[in-house]
Ligand SMILES: Cc1ncc(COP(=O)(O)O)c(C=O)c1O
């Protein structure tokens, strides 16, 4: 008789955003005339930039001719894309990353979930609390998280690093030594970030204790401040302790198109074994590549025209972020984030729980946000709004906030 991976049975409830979608659908069914403003899920709303659309059309045409048709992509991804990434995202910022240290994928969610496979199941992971839920849930599935305590909403074998207003949402080094440290910078959900020297401290810490940092930089394009690094490889010594994940979802609107990449430097080793060789083996065995058409579209993001167009889109969302931050601040809310990230993290009023505030906002003003407690116990009492809506809806939402 077959057996299942019963680690899956340990996972409490359904995925956060499925929960929210269920609640919103039930509310909409009961109130069909109510116009809801959705500032919950971190999905983009602007269409793909014109340069990307033109490139997609060109690439589709190429697939229709025998002399330009493409079959399976190379294991690591097309060289034209990896070269552009290595040059523009890394070398121009002083990082020594080479094109053959870049693995093209269909997004950072898969990569952040899959990367744990190359590590022993005995490794202890450390996560920020609150945290992007994928890091913890995928380690639960792998059997690395121990047992779940519904009282504290924590896993016995996971090291939590609370990020609250008290520590400025900057995690302290954990008291127990982790093997794998997940850092998401700029942060989802708090919208906060680390300065270059704060990140350097983490790199030094990881190198000292022999840990690996899984550095999720999906929101890198939203950085506006000079002293915030765009890549962990801007820090000295990061090549020996860090894997970086990137996505085309938030900078270029590829949430539905799907494209991302992971950087595994060849200097990152466990004894004599490079993590690069393990990830290459995994990639080659289990993955057959992001489609050529999509990799071409990703390449368009590195052209002068494409770069300018996607920069405008990010600026559009950041205007929303400013609008929300200022609007909520004026309405008397305690607000964080929104300067280097498309997320605004607010303290719920009157010590309301995160889910009570979710229900209150939905019912009172028809705004959908994300309860902070869904991202971890230290998110309780907080709430996340995203800047990914339209400007018009963002303004409308701020008008509605005045009425609560
Ligand atoms: C921190 C973080 N990493 C990764 C992702 C997913 O990225 P992708 O669309 O490339 O899978 C998200 C999406 O919300 C995210 O917030």
Could you tell me how far the Cα centroid of region 330-389 sits from the Cα centroid of region 300-329, in Å?
21 Å
Separation of region 217-233 and region 263-289 by C-alpha centroid, Å?
25 Å
Just for the chain, what percent of DSSP beta bridges are antiparallel, to the closest 5?
55 percent
Note the full-extension length gain between residue 285 and residue 308 as 0.36 nm times their separation in residues minus their Cα-Cα distance, in nm to one decimal.
4.6 nm
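Cα gyration tensor of region 217-366, axes a ≥ b ≥ c as square roots of the eigenvalues: rounded (a/c below 1.5), prolate (a/b > b/c) or oblate?
Prolate shape, in that a/c is at least 1.5 and a/b is the bigger ratio.
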State, as an integer percentage, the relative contact order of the chain based on alpha-carbon contacts under 8 Å between residues 6 or more apart.
23 percent
For region 109-190 the mean separation of alpha carbon contacts under 8 Å (6+ apart) over residue count, i.e. relative contact order in percent, is 36 percent
Dividing the convex hull volume of the Cα atoms of region 53-303 by its residue count, what figure in Å³ per residue is obtained?
133 Å³
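So between residue 173 and residue 225, what do we pick up on full extension, going 0.36 nm a residue minus the alpha carbon distance?
Roughly 16.3 nm would be gained on extension.
We did not get these values from a lab; they are worked out from the coordinates using the rules stated. Everything quoted here is computed from the prediction, not taken from an experiment.
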